[in-house]
Structures are given as C-alpha cells and as structure tokens.
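This report concerns only the one structure given below.
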Amino acid sequence: MLLAGLSVLLLLVAAWSLTTGSVDIPVSDILGMLSGSDTQVASWQTILFEFRLPKLLTAIIAGMALSVSGLQMQSLFRNPLAGPYVLGISSGASLGVAILMLGFSFLSDSMVPLTPGSSSIIFAAWLGSGLVLLLVFLTSLRVKNNITLLILGVLIGSAVSSLVTILQYFSHESSLKSFVIWTMGSLGNVSREQLSWLIPVTGVGLVLAFLNLKAMDAWNLGESHAKSLGVNLKRSRIMILLSTSILAGSVTAFCGPIGFIGIAVPHITRISFQTASHRVLFAGNLLIGSLLMIISDLLAQAPGGDIILPINSITALIGIPVVIYLIFVNQGIKVWK
Amino acid sequence: MEVNRTKIVLETRNLSIGYKTRKLSLPILQDLSLELHAGDFIALAGKNGSGKSTFIRTLGGLQEALGGQVFLHGKDLHTIPSSEIAKEIAYVSTDWIQVNNLKLVDLVSLGRFPYTGILGRLSKDDRRYCEEALEITGLNSLRTKLFDELSDGEKQRGMIARALAQQTSIILLDEPIAFLDISHKFEIVRMLSELSRLHDKCILFSIHDLSIAMREAGKLWLIHDQQLHDGAPEDFMLNGRLQEIMSGQALNIQEDTGEFYLPRKRNGQVFILGNGLAYQWTIKALERMNLEVEPTNNPENLTGVKVNEGFWEIYQQGKMIQRCNTILELTLYVHLLKKE
C-alpha cells in the first residue's frame with residue numbers, strides 16, 4: 001500500500017523534474033519528445049535528452065545506491081549512525097580526486113584545473129575509494145568482530161581525510177576551488193555515455209544487496225543465531241561490503257560525495273514501514289531514496305532557475321527536518337537500543 | 001544391558017574444546033566422548049567459565065573444536081555446510097536480541113530460514129510449522145506483538161518457538177533461564193522437558209542453577225575441575241559425586257532432599273515444641289537467626305518456643321515470658337532467650 005503510493009509519488013515528482021529548468025518547455029512537448037516525436041524547437045531536444053533526463057536518472061540512481069548502501073551498513077554494524085561513507089569510501093574518493101586536482105597542480109603551475117565530471121576525475125575517485133575499501137576489506141578478513149571493523153573503517157577514513165587536508169593546504173587557489181566544488185556533489189555532470197556505465201554498475205551492486213536480504217534478516221538476531229540458522233557469515237559480510245563499495249563508490253565517483261541521504265533514508269524507511277524485514281526495507285529505500293534525491297535536485301535549482309545550489313547542502317537541509325520530525329513523532333530512534 | 005535404547009543423534013569423539021589464538025590454544029575440556037540420543041533432556045551445569053557455552057557452541061558447529069570430532073547423525077560435523085546443520089541443530093544463545101519492529105510471528109518464522117528460498121518467502125508448510133511452534137509454546141495470542149514489548153519470559157519462549165519452527169532433531173540452549181524469575185525458570189525448563197519427551201527432541205541446555213537441574217533434568221552433565229561427569233541427577237547424589245564436588249565450597253547439599261543450603265555458624269540453642277506446618281516454618285525462621293533448633297516433647301522447664309494454633313509462646317525455664325502473634329514478632333522477641 002505504502003509502496004504503491006510512493007511509486008506513484010515518485011513518478012509524479014520525476015515528471016515534474018523533467019519540466020523544471022531554466023528553459024520553459026511545455027509538458028505536452030516533453031511528453032511528445034519522450035514518446036519519440038519531434039518538436040518545433042531543436043534545442044529542447046538537446047535540453048531534455050542531454051541534460052534533464054540524464055540528471056533525473058542520475059538522481060534516481062544516486063538516491064537508490066546511497067540509501068541501500070546506508071541500509072546495509074546500518075544493519076551490518078547495528079549502528080544507526082552508520083552510512084555508506086562510514087568505511088571511508090568518500091574519503092578515499094576525495095583522496096583520489098585531490099591527488100589528481102591538487103597534487104598535479106602543485107607539481108606544475110601550467111596545469112588547467114580539471115572540471116568536475118571529467119573522466120579522469122571519475123577514474124581517480126573510483127580508484128581512491130576502491131583502494132580504501134580494499135584496505136578495509138583486507139582488514140575485515142582478519143577482524144571477526146563487526147564493531148572492530150567499523151572502528152577500523154572510521155580510523156582509516158580519518159587518516160585518508162588528513163592526507164586530503166595536507167594536499168589542500170599546499171595547493172593553488174584555483175585548483176582548490178574546483179576541488180571544493182567537487183566535494184559539494186553534483187548530479188548534473190553525468191553525461192549520457194557515462195550513464196551507460198553507471199547504470200549497469202549500480203545494477204550489479206543492487207543485485208548483490210538483493211541476494212543478501214534474507215541473510216540480513218537473520219543478522220537481526222545477532223551473529224551466533226544467524227550462523228545457527230545457516231547463514232554463511234563470511235560470505236554474507238563480503239557481499240555487503242562489496243555491494244556497498246560498488247554502490248557508494250560509483251555514485252561518489254560520478255557525483256562527488258553526496259551526504260546525508262545514505263544515513264537518513266534508511267531511518268525514514270524504517271520509521272515509515274515499521275518493519276524489520278529487509279525485503280520491505282530494501283524496496284522502501286529504493287523508492288524513498290530516489291524520491292528524496294529528485295526533490296533535493298528540484299530544490300537545488302528552484303530559487304532563480306539560473307543558479308544551481310550544491311546538492312550536498314540541499315540533501316541535508318531537506319533531509320534533516322524530515323528525520324527530526326519522524327523522531328519526534330515516534331519518540332526517538334529505536335533501532336538497536 | 002541395552003544402553004542405546006534410542007537413536008544417537010549427536011556424538012563427540014575425543015573432543016577437546018576451548019579457545020585458539022594465533023599462537024596457542026587454551027583447552028577448557030579435553031577428551032570428551034559423549035552421546036546424545038533422541039529424547040534426551042540434558043542439563044549442562046558447571047561454574048562460570050567452566051566451558052558450558054564453549055561446549056554448546058562447539059556441538060552446534062558455531063565454534064571450532066581444538067581437537068577430536070563431533071558427529072551429527074554419524075557424519076562429521078566439519079564436513080556439513082552450516083545451511084545443512086541448521087536443519088538438524090537449533091541454537092538459542094544468551095545474546096539478548098535487540099531489534100525493533102520485529103513481530104513475534106516474524107521472529108518465529110526466521111526459524112524456517114534453512115528451508116526457504118533466496119527471498120525467504122514462506123510456503124504453506126513453513127507457515128504451518130510456525131503455527132505449531134507458537135501453539136506449543138503458548139504464544140498464539142501474542143503473535144502480532146513486537147518482540148521488544150514482550151516480557152523476558154515471553155521473549156525466551158519466542159526464541160524457543162523459533163528453534164521449534166526450525167524442525168530440528170536437536171536443540172541446544174545456552175542458559176535459557178538465566179535472566180528469568182523463579183516461576184518462569186521452572187516454566188521454561190518444564191516446557192523444554194515436555195518437548196523432549198513428547199516430540200523426541202534431543203535437548204541440551206546449560207544452566208548454573210544446580211537445584212533446578214537436579215530436580216528437572218533427565219541427565220546431568222556436570223563440569224567440574226575440567227572434567228565432565230555424566231549421570232542421572234540422582235546418581236550424582238547416591239554415588240557421592242555431587243557432595244564431593246560441592247566439598248570445599250560454601251554451599252552444602254541436603255542428602256535426602258537434594259536441596260542446597262549455606263551452613264550457618266550457630267550462636268545459641270533453642271528448644272521447640274509443637275507440630276504441623278507452623279512448626280516447620282518456625283524452625284526455618286529460627287535457623288535463619290543462626291539458632292540451633294532442638295525439637296522437644298517435654299513442656300516442663302522449657303527454654304524455647306512453643307508453637308500453638310495461630311500464636312507462639314516464648315518460655316524461659318518453664319515460664320511463659322512472651323506471646324507472639326506472628327513469626328515476625330517471634331523473631332523480634334526471641335533475643336530475650338539468647339541472653340541466658
């Protein structure tokens with residue numbers, strides 16, 4: 001019931017987002033273009049298919065990927081503060097990008113500052129988050145306790161962030177600015193070609209998460225009980241880590257670190273659906289995650305139409321009141337006490 | 001004599017259990033060769049740190065043995081994948097489950113985990129087993145309640161229902177009654193004993209309350225001095241092993257009733273005259289006050305307590321010095337005697 005309602009809402013908001021932008025395009029023309037017919041204004045075609053649609057899809061993917069990885073991290077660590085970045089994924093991506101943007105400009109003055117969205121930045125971010133996750137992952141093979149793993153992940157993340165700070169300290173102003181802009185996140189820099197990479201990759205991450213939902217229900221009872229029910233703890237944990245790195249890692253690579261969604265949406269879903277079943281929570285996170293992301297994007301460009309505010313601050317500004325409201329209505333977040 | 005009157009479900013051969021670190025292994029119990037049969041109801045008792053939990057976890061395949069083997073239906077447990085073990089051995093740990101929004105019926109249906117497909121959808125049979133489990137544990141009326149809102153006893157019954165829904169031949173429970181009040185303790189143990197008797201399940205549970213183990217268990221496995229002793233609870237009394245184990249400890253055991261008590265230092269003696277229930281309880285009260293209580297039939301020259309119908313009298317050399325209407329009053333005035 002709730003799922004159906006959210007799906008309808010998602011469709012409406014998605015449609016609304018396609019009609020919103022600095023250029024006014026009538027709804028009828030948008031529907032026409034989507035169904036394949038031509039329009040009188042050629043640039044509308046470009047605006048819709050090269051900008052608005054890719055951005056909408058990016059928002060949906062980012063929302064889904066970050067929410068599901070947040071859900072996985074919270075359930076794995078039984079910690080309501082965990083999120084997709086808790087294991088240092090965003091710090092790793094930042095380090096990769098920082099080395100590229102700041103480190104190289106430090107070596108040569110002549111270098112042109114890179115713009116967010118370029119393939120080299122995506123690659124650097126991916127490499128950075130991948131390396132940090134590999135590190136966390138290798139630790140996880142030795143560390144049996146999830147909480148120890150969580151603490152190690154946080155420590156590794158902090159160490160990596162310090163490296164980024166050092167790089168920032170020594171870098172030139174112009175490259176520093178483009179780096180800071182990158183850290184604010186953006187949905188608009190993903191091109192159609194890049195989407196054809198992002199979609200299948202996050203698809204794999206979501207399938208991995210999906211295959212692990214049943215096991216995550218058993219984790220609810222703690223490790224011993226989960227194992228006694230036949231859960232392969234090691235495999236399940238590896239799947240969670242792998243899926244989270246793929247999901248959060250690729251979204252961060254393409255859009256920069258987008259905060260808050262990954263922590264808030266799992267809570268919003270839990271409170272709205274009042275269930276411990278990960279099957280339901282998974283579906284709920286997909287819907288609410290993409291919904292919240294699209295709305296954030298809409299708000300980010302709403303004020304004048306010409307400026308687009310950093311998506312990172314919008315996700316926080318609209319997400320936090322939602323969570324606070326839900327907390328008050330439910331008298332506290334009671335997840336694992 | 002036919003010992004193996006029932007089927008062996010679980011067996012250990014030269015099993016040693018304990019903890020392994022990278023450098024050394026710390027055995028807690030060694031060379032265990034034991035059999036568990038269908039219908040067994042075994043209490044595993046021993047002090048804290050004696051290895052009860054480790055033993056149970058090793059039997060359930062949740063922890064590596066240091067040496068030796070465990071056989072499940074004749075097959076080395078080590079060679080069986082955990083998804084298959086889960087169809088034969090259910091486990092209820094001491095871990096306190098802390099999860100929100102989990103309905104009791106959903107908790108119980110997690111017991112069907114080993115049998116459901118990749119999505120965990122329940123079949124008609126799965127549902128039927130869950131219903132049975134709820135029925136047997138008497139939780140039917142609480143099915144839609146959230147686990148969080150149940151009492152400790154109900155939670156424990158819920159965990160047992162989950163283990164039942166798992167439809168295993170063996171149920172291992174680690175301290176299932178540790179945090180319960182006394183009546184729930186007996187209720188849970190009695191329910192488990194019925195399960196083993198009526199459903200031919202092999203149930204092994206650890207417990208540190210020896211007096212309940214002595215009273216309710218079909219077999220007692222008592223860990224003492226890194227040895228596991230095996231027998232009926234009554235055997236432990238008759239062959240003196242329990243007394244031997246208890247010797248050197250503060251707690252003593254009453255040889256005829258099997259009750260445990262802490263011996264007291266006596267400081268004073270009191271004679272008591274009377275009969276019936278009030279008489280029995282008066283003795284208990286006086287003993288609690290560290291008095292040595294001597295029964296007597298002779299009212300002449302009595303120095304002590306006379307138990308009457310509904311009241312008590314304190315006598316000093318045959319003279320009544322105080323009349324009391326309750327045992328509480330008696331305990332307040334009995335010091336009048338002690339001065340002598």
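The values are calculated or read from the model by the stated rules, or taken from the named source; none is laboratory data. Here the structure is a predicted model, which is why all the values come from computation and not from measurement. Here Cβ is always computed from backbone atoms with ideal geometry, including for glycine, and neighbour counts include all displayed protein chains.
Against the test of being within 14 Å of chain B (Cβ to nearest Cβ), hydroxyl-bearing (S, T, Y), farther than 30 Å from B:E64 by Cβ and surrounded by fewer than 24 Cβ atoms within 10 Å (Cβ to Cβ), the options A:T269, A:T275 yield a single qualifying residue, A:T275. From the list B:R162, B:R143, the one residue that fits, being away from every other protein chain (no Cβ under 11 Å) and modelled with pLDDT of 90 or more, is B:R143. None of B:F260, B:F311, B:F236 is touching a helix residue (DSSP H, G or I) at 6+ places or on another chain (Cβ under 7 Å) and outside the structural domain of B:L210 (by TED's automatic domain parsing) except B:F260. Out of all the residues in segment A:193-224, which are away from chain B (no Cβ under 14 Å) and either farther than 22 Å from A:A253 by Cβ or in contact with a Leu (Cβ under 8 Å, 6 or more places away or on another chain) (or both)? Within segment A:193-224, A:L195, A:I199, A:T202, A:G205, A:L206 meet the criteria. For segment B:261-293, the set of residues classified as closer than 30 Å to B:F236 by Cβ and surrounded by fewer than 15 Cβ atoms within 10 Å (Cβ to Cβ) consists of B:Y261, B:L262, B:P263, B:R264, B:K265, B:R266, B:Q280, B:W281, B:K284, B:R288, B:N290, B:E292, listed by residue number. Per the listing B:T6, B:T12, the residue uniquely surrounded by fewer than 16 Cβ atoms within 10 Å (Cβ to Cβ), among the polar types (S, T, N, Q) and under 30 Å from B:E194 (Cβ atoms) is B:T6.
Taking the listed residues A:G289, A:G256, the one that is at positive phi, surrounded by 22 or more Cβ atoms within 10 Å (Cβ to Cβ), touching a residue at least 24 places away in the same chain (Cβ under 8 Å) and of a type in the set (G, A, S) is A:G256, with no other qualifying.
Going through B:L220, B:L242 one at a time, which residue ends up being closer than 15 Å to B:E175 by Cα, buried (at least 18 other Cβ atoms within 10 Å of the Cβ) and not β-branched (V, I, T)? Exactly one of B:L220, B:L242 is closer than 15 Å to B:E175 by Cα, buried (at least 18 other Cβ atoms within 10 Å of the Cβ) and not β-branched (V, I, T), namely B:L220.
Restricting the search to strands (runs of 3 or more DSSP E) fully inside segment B:34-98 and requiring at least 2 residues that are at pLDDT below 95 and away from chain A (no Cβ under 13 Å) gives B:41-46, B:67-72. If I filter segment A:48-56 for residues that are closer than 16 Å to A:L287 by Cα and surrounded by 15 or more Cβ atoms within 10 Å (Cβ to Cβ), do I get at least one hit? Yes, that holds for at least one residue. Just one residue in the set A:I246, A:I258 is farther than 24 Å from B:F113 by Cα, more than 14 Å from every other protein chain (Cβ to nearest Cβ) and either part of a helix (DSSP H, G or I) or among the small types (G, A, S) (or both); that residue is A:I246. Meeting the requirement of 2 or more residues that are hydroxyl-bearing (S, T, Y), the helices (runs of 4 or more DSSP H) wholly within segment A:176-234 are A:192-211, A:223-228. Go through the residues of segment B:99-106 one by one and say whether even a single one is under 20 Å from A:S236 (Cα atoms), within 7 Å of another protein chain (Cβ to nearest Cβ), of a type outside the set (F, W, Y) and part of a helix (DSSP H, G or I). Within segment B:99-106, not a single residue is under 20 Å from A:S236 (Cα atoms), within 7 Å of another protein chain (Cβ to nearest Cβ), of a type outside the set (F, W, Y) and part of a helix (DSSP H, G or I).
Would you check if B:V108 is among the β-branched types (V, I, T) and either modelled with pLDDT of 90 or more or over 16 Å from A:L221 (Cβ atoms) (or both)? Here the answer is yes, as B:V108 does meet what is asked. Of all residues in segment B:107-131, those satisfying the criterion of being within 23 Å of B:K201 (Cβ to Cβ), out of contact with any Cys (no Cβ under 8 Å at 6 or more places or on another chain) and more than 11 Å from chain A (Cβ to nearest Cβ) are B:S123, B:D125, B:D126, B:R127, B:R128, B:Y129, B:C130, B:E131.
Residues in segment A:16-47 that are surrounded by fewer than 16 Cβ atoms within 10 Å (Cβ to Cβ) and hydrophobic (A, V, I, L, M, F, W, C): A:W16, A:V23, A:V27, A:L31, A:L34, A:V41, A:A42.
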